[in-house]
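Student: Could you have a look at this structure, given as structure tokens, before my questions?
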Amino acid sequence: MNRRKTLAIGRKVAKLFKVLSGKERILIISHDNPDPDTLASAFALRDLVMRKLGADSIIAFSGIIGRAENRAMIKHLGIPLKRLEELDLSKFDATVLVDSQPHTGKLDLPEDIKLDVVIDHHPLHRESRRVEFHDIQSRIGATSTIITQYLMAEGTEIDSRIATALLYGIKSDTRDLGRETSKYDVEAYLYLYPRANLRLLSKIEYAEVPVEYFRVYEQAIDSALTFDGVVVSFIGKIDNPDMVAEMADMLIRLEGTRCALVGGHFEDGIYVSVRTKNSDLNAGKLVQRVIGKLGPSGGHGSMSAGRVKLGSQSDKEKESLEKTIIRRLKRAMKLKGVRARKLVE
Ligand SMILES: [Mn+2]
């Protein structure tokens, strides 16, 4: 970072500290079903407020930590987490949200919660402007980059576990700096790299997976249908909602594919994940057209997600919802009349 940028970020951090000063117990909330970027951001921010302000701080999440890599990250880096629903929120005097914003598809916050700080890299939601400290930078590839900038401006040494977490947060959100990456992500990455524990990073990235993982892989491939550059797969019941994103990441790699959509049933919803390859195809807008009023949705340029809320529908009705999703996707992708083919016969 050049001197001017460092100064500007230094002022921003000073404002953050001002908003949080005197607060004794700070709650940091990740988005639901937390991914590496939200976990790393929360972990680093917790360390920062504890060191600088002497505050007590807890990281809380809702949902499930599904991916084997994410579980390995928590274990190897020692990220302390609590379940949001088990906490008495009245015991905290400040609340921080990282890598998400209120009323987005990625987050089901308790109604009465008041946010003091929001730090995120998704498109700005109007409501975030009302939060006393909001730092929303949609051109940046990862919230971990924003937090790394705070640490760079601070200029103090970074603990290697925190550097490893932030490095992995950037790596996973930007797919190794290859997707939606700004020069600031590259800069933060290079700053963190020599400070990170690469042996632990490798243990996280190549974490062991349970046999269930391969079952879902088989299901995703077996159910996949292709429509002229678009791949769709509904993978049935899943034991963690991250699997739809993971399978969409896998299917978008198919040669000649512009868009991949994967859906799976988890608890009371159909979770949907969308990936696009061309920059003229916005995955966030696409998922909104597909999900519409069926539930919350949102995302970035090339990756997005949504959730269709289910009530007590029969299996048949659930199947017809999946058909609706496919029909809307075909309409949005101008594929009317194109017949489906099985990906693998
Ligand atoms: Mn993120």
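Student: Please state which of the following conditions residue 191 fails to meet, knowing it meets all the rest: (1) within 16 Å of the ligand (Cβ to nearest atom); (2) farther than 20 Å from residue 138 by Cβ; (3) outside any loop (DSSP other than H, G, I, E, B).
Tutor: Of (1) within 16 Å of the ligand (Cβ to nearest atom); (2) farther than 20 Å from residue 138 by Cβ; (3) outside any loop (DSSP other than H, G, I, E, B), only one is false for residue 191: (1).
Student: Condition check: in contact with a strand residue (DSSP E or B) (Cβ under 7 Å, 6 or more places away or on another chain) and either in the same structural domain as residue 8 (by TED's automatic domain parsing) or within 12 Å of the ligand (Cβ to nearest atom) (or both). Does residue 185 satisfy that?
Tutor: In short, no.
Student: Cβ-Cβ under 8 Å, sequence separation 6+ or interchain: first residue in segment 264-281 and closer than 15 Å to residue 294 by Cα and not assigned by TED's automatic domain parsing to the domain that holds residue 243, partner among the basic types (Lys, Arg) and surrounded by 17 or more Cβ atoms within 10 Å (Cβ to Cβ). Which pairs?
Tutor: Within 8 Å, no pair qualifies.
Student: Which is within 16 Å of the ligand (Cβ to nearest atom) and loosely packed, with under 15 Cβ neighbours inside 10 Å, of 176, 242? Can you show your working first?
Tutor: Details: 242 fails: loosely packed, with under 15 Cβ neighbours inside 10 Å.
Going through 176, 242 in turn, just one is within 16 Å of the ligand (Cβ to nearest atom) and loosely packed, with under 15 Cβ neighbours inside 10 Å: 176.
Student: Pairs please, first residue from segment 331-342 and on the phi < 0 side of the Ramachandran plot, second anywhere and of a type in the set (Phe, Trp, Tyr) and surrounded by 10 or more Cβ atoms within 10 Å (Cβ to Cβ), Cβ atoms under 9 Å, 6+ apart in sequence or on different chains.
Tutor: Final answer for the pair search is 333/227; 335/227; 338/227; 339/227; 340/227; 341/227.
Student: Conditions: (1) within 26 Å of residue 18 (Cβ to Cβ); (2) modelled with pLDDT under 95; (3) in contact with a strand residue (DSSP E or B) (Cβ under 6 Å, 6 or more places away or on another chain). Residue 122 meets all but one. Number of the miss?
Tutor: Only one criterion is unmet by residue 122, namely (3).
Student: Among what's in segment 62-115 and is touching a Lys or Arg at 6+ places or on another chain (Cβ under 8 Å), among the polar types (S, T, N, Q) and under 24 Å from residue 17 (Cα atoms), pick the residue that is surrounded by the most Cβ atoms within 10 Å (Cβ to Cβ).
Tutor: 100
Student: Of 204, 235, which residue is of a type in the set (A, V, I, L, M, F, W, C) and closer than 26 Å to residue 326 by Cβ?
Tutor: 235
Student: Regarding segment 215-231, can at least one residue be identified that is in contact with an Asp or Glu (Cβ under 7 Å, 6 or more places away or on another chain), modelled with pLDDT under 95 and not in a helix (DSSP H, G or I)?
Tutor: First, pick out the residues of segment 215-231 that are in contact with an Asp or Glu (Cβ under 7 Å, 6 or more places away or on another chain): none.
Checking segment 215-231: not a single residue is in contact with an Asp or Glu (Cβ under 7 Å, 6 or more places away or on another chain), modelled with pLDDT under 95 and not in a helix (DSSP H, G or I).
Student: Additional query: Farther than 18 Å from residue 231 by Cα, of a type in the set (Val, Ile, Thr) and surrounded by 12 or more Cβ atoms within 10 Å (Cβ to Cβ): which single residue out of 290, 308 fits that description?
Tutor: Exactly one of 290, 308 is farther than 18 Å from residue 231 by Cα, of a type in the set (Val, Ile, Thr) and surrounded by 12 or more Cβ atoms within 10 Å (Cβ to Cβ), namely 308.
Student: Under 7 Å between Cβ atoms, at least 6 apart or on separate chains: pull out the pairs that start in segment 298-321 with a residue that is at pLDDT 85 or above and end on any residue that is among the polar types (S, T, N, Q).
Tutor: 302/276; 304/297; 305/273; 305/297; 306/297
Student: Taking the options 96, 117, name whichever one is farther than 23 Å from residue 288 by Cα and under 17 Å from the mean Cα position of the chain (by Cα).
Tutor: Among 96, 117, only 96 is farther than 23 Å from residue 288 by Cα and under 17 Å from the mean Cα position of the chain (by Cα).
Student: If you don't mind, another one. Considering 260, 248, which residue is touching a Lys or Arg at 6+ places or on another chain (Cβ under 6 Å), farther than 21 Å from residue 210 by Cα and crowded, with 23+ Cβ neighbours inside 10 Å?
Tutor: Just one listed residue meets the conditions, 260.
The values are calculated or read from the model by the stated rules, or taken from the named source; none is laboratory data. Since we're looking at a predicted model, the values are computed, not measured. Virtual Cβ from ideal backbone geometry, glycine too; neighbours counted across all protein chains shown.
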